[in-house]
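Quick notes on the structure that follows.
The values are calculated or read from the model by the stated rules, or taken from the named source; none is laboratory data. Everything numeric here is computed off the predicted structure, so don't read it as measured data. We place every Cβ from the backbone using ideal geometry, glycine too, and count neighbours over all the protein chains shown.
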Amino acid sequence: CSESDLGPISLNWFEELSAEAPP
Amino acid sequence: HQAAEQLPAGLREESLQLVSELKDSCSSCAVDVSTVWWEAAGCRELCVVTACESSVSLWKPLPSDCWSKVHTWQLAEIPVIQILPLPDTCNLVCIALGELEIAEIRLLLCSPETDSFRQSLVRSGTIKAALGLRGRRLVSSSRPGQEQQVEVVSLSETGRSKDGHTLLPPEETVVAFAEVEGMRDALVGTTALNSLVIWNVQTGQLLRKMHVGYSYPAPICHRAYSDSGLLFVAVSHPHGEESECSGSPAFHLLAFNPSTARGKGVASSSLPAGHTGRQYLEGDVKDTLAAAVLSSGTIAVWDLLLGHCTALLPPGPAGSWALTRWASSSSTSTCLLAGQRDGTVCLYRY
C-alpha cells in the first residue's frame with residue numbers, strides 16, 4: 001500500500017481525526 | 001476429504017496436532033467454546049469454557065492433557081448463543097443469550113466474598129452486536145427504536161456494570177466490532193451496508209465512516225491494527241458465495257488510510273478447492289491466522305498475509321465440526337478449539 005493508492009498518510013491520524021470530529 | 005487431499009502432502013497432519021479432548025455431557029446443543037484465565041486458591045490457569053443452549057461450563061486443566069469440570073452455570077430461560085471473551089480479564093465469563101438476536105448479556109463469575117458461583121445481568125434488549133474490550137469493558141449495539149445505540153459499559157470484579165457511556169452511532173446498523181490493537185481508545189465496526197466505522201471510545205466520537213466496497217460483501221470485522229499510519233482490518237464474509245470477480249472469498253485483509261478514507265484489499269483468502277459455491281462460514285481470527293467451519297463440516301485454517309489455506313480438518317468419525325475458536329495463548333504455541341454439536345471439544349496445537 002502506498003500514498004499513490006491511498007493518499008497522504010499520517011502517523012497521527014487518530015489524534016487528528018479526534019481533534020476534527022464533532023464532540 | 002477431496003479438498004484435504006489437494007493440499008501439499010502432509011500439511012494437514014503437520015499443521016494441526018490433537019492435544020486433548022473434553023466432552024460436555026449437557027443434553028442441549030453445543031453453541032460456543034472459548035478460553036478464560038481463572039484464578040483459584042492462588043493458582044491462575046487458562047481454562048476452557050463450553051456453552052450449550054441451556055448451560056455454560058468451566059473446565060480446568062489437569063496433568064496429562066485432561067480436563068476437569070469446575071462448575072456449570074444453568075441458564076434455563078433464554079438459550080445461550082455466544083460466549084463474549086473479555087481480554088485481559090480473570091475470573092469473568094461473559095455470554096450472550098437470545099434466539100436469532102441477542103436479548104441478554106450476562107456475566108458468569110465466582111463471588112470472591114462467598115466463594116460461590118453466580119451470574120448477573122449486564123444488558124437486555126435487541127442487541128445486534130457485542131464485543132468484550134480490554135480493561136474489563138463491553139461494547140454493544142442495539143436498536144430500541146429507530147435510533148441505534150452503541151454503548152460501552154465497564155464491568156466490576158463482582159460482575160456489576162459500572163459507569164456506561166454511549167458512542168455516536170452511524171446511520172447503518174453495526175454488525176461487528178473490533179478493537180484496534182495497540183490503540184486503547186480506538187474501536188472499529190462493520191455495518192450491514194458494507195461500511196467500516198472508527199470511534200474514539202474515550203470521547204464517544206465517530207471519527208470516520210469508510211465504504212469497504214462491494215467486492216467485499218457483508219464484512220464482519222475480526223481484528224484491526226494500526227501500522228505506519230494505515231489501519232489494517234481482517235474481515236470475514238459469513239455468507240461466502242462464488243462470484244466471477246473475487247472467486248469464493250472467506251477472509252480479506254483490508255488497508256485503510258483513515259486520513260483520506262480510502263481503502264484497498266491487501267490479501268484475499270478464498271475457500272479451499274472443493275469447497276466453492278454458497279457457504280456459511282463461522283470463523284475466528286487471531287494474529288494473522290483465520291479459522292472457520294465450512295458448510296461441509298470441515299474446519300479450514302488460513303494465513304491471512306499469505307492469502308491461502310494452510311490446514312484442513314475434515315469431519316471426524318463422530319461427525320461434522322460445528323464451532324472453531326482460537327484459544328488465548330498460554331505459551332508460544334497457538335491452540336485451536338474445535339467443537340462438535342454433541343459437546344465434544346478437541347484442542348489442536350497449530
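Output the residues belonging to region B:140-188 that are among the acidic types (Asp, Glu) and farther than 22 Å from B:PRO87 by Cα.
Within region B:140-188, B:GLU147, B:GLU171, B:GLU172 qualify.
Within the group B:ALA192, B:ALA178, B:ALA234, B:ALA218, which residue is exposed (fewer than 15 other Cβ atoms within 10 Å of the Cβ), more than 14 Å from every other protein chain (Cβ to nearest Cβ) and among the hydrophobic types (A, V, I, L, M, F, W, C)? Working first, answer last.
On the way: B:ALA178 fails: exposed (fewer than 15 other Cβ atoms within 10 Å of the Cβ); B:ALA234 fails: exposed (fewer than 15 other Cβ atoms within 10 Å of the Cβ); B:ALA218 fails: exposed (fewer than 15 other Cβ atoms within 10 Å of the Cβ).
Checking each option against the conditions leaves just B:ALA192.
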Item checked: Of all residues making up region B:129-180, the number that are polar (S, T, N, Q) and assigned to a loop (DSSP other than H, G, I, E, B) -> 5
Margin query: Regarding region B:247-255, can at least one residue be identified that is in contact (Cβ under 8 Å) with a residue 40 or more places away in the chain, part of a loop (DSSP other than H, G, I, E, B) and more than 30 Å from A:GLU15 (Cα to Cα)?
Written below: no
Note to self: Cβ-Cβ distance below 8 Å, separation of 6 or more or different chains: which pairs start in region B:301-324 with a residue that is at pLDDT 90 or above and end on one that is assigned to a strand (DSSP E or B) and surrounded by fewer than 16 Cβ atoms within 10 Å (Cβ to Cβ)?
What the structure shows: B:TRP302/B:HIS308
Checklist line | Subset of region B:151-175 (residues that are under 17 Å from B:GLY204 (Cα atoms), surrounded by fewer than 18 Cβ atoms within 10 Å (Cβ to Cβ) and either within 14 Å of chain A (Cβ to nearest Cβ) or in contact (Cβ under 8 Å) with a residue 60 or more places away in the chain (or both)) | finding: B:HIS165, B:THR166, B:LEU168
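Quick check, is B:GLY213 touching a strand residue (DSSP E or B) at 6+ places or on another chain (Cβ under 9 Å), within 14 Å of another protein chain (Cβ to nearest Cβ) and in a loop (DSSP other than H, G, I, E, B)? Walk me through how you get there before you give the answer.
Working: touching a strand residue (DSSP E or B) at 6+ places or on another chain (Cβ under 9 Å): yes; within 14 Å of another protein chain (Cβ to nearest Cβ): yes; in a loop (DSSP other than H, G, I, E, B): yes.
Yes.
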Next item on the list: Could you tell me which residue of region A:4-23 is farthest from the other protein chains (Cβ to nearest Cβ), considering only residues that are over 17 Å from B:LEU254 (Cβ atoms) and at pLDDT below 90?
Entry: A:SER4
Next item on the list: Go through (1) within 14 Å of another protein chain (Cβ to nearest Cβ); (2) in a strand (DSSP E or B); (3) out of contact with any Leu (no Cβ under 7 Å at 6 or more places or on another chain) one by one and return the number of the condition B:MET183 breaks.
Entry: (2)
Margin query: The conditions are (1) surrounded by 17 or more Cβ atoms within 10 Å (Cβ to Cβ); (2) under 28 Å from B:TRP59 (Cβ atoms), and B:HIS71 fails exactly one of them. Which is it?
Written below: (1)
Next item on the list: Return yes or no: is B:ALA290 of a type in the set (A, V, I, L, M, F, W, C), within 14 Å of chain A (Cβ to nearest Cβ) and either touching a strand residue (DSSP E or B) at 6+ places or on another chain (Cβ under 8 Å) or not in a loop (DSSP other than H, G, I, E, B) (or both)?
Entry: no
Next item on the list: With the checklist (1) surrounded by 19 or more Cβ atoms within 10 Å (Cβ to Cβ); (2) at pLDDT below 95; (3) of a type outside the set (D, E, K, R) in hand, flag the one item B:PRO63 doesn't pass.
Entry: (1)
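Considering only region B:256-286, state which residues are within 14 Å of chain A (Cβ to nearest Cβ) and part of a strand (DSSP E or B).
At the first step, the residues of region B:256-286 found to be within 14 Å of chain A (Cβ to nearest Cβ) are B:256-267.
Scanning region B:256-286 gives B:PHE256, B:ASN257, B:ARG262, B:GLY263, B:LYS264, B:GLY265, B:VAL266, B:ALA267.
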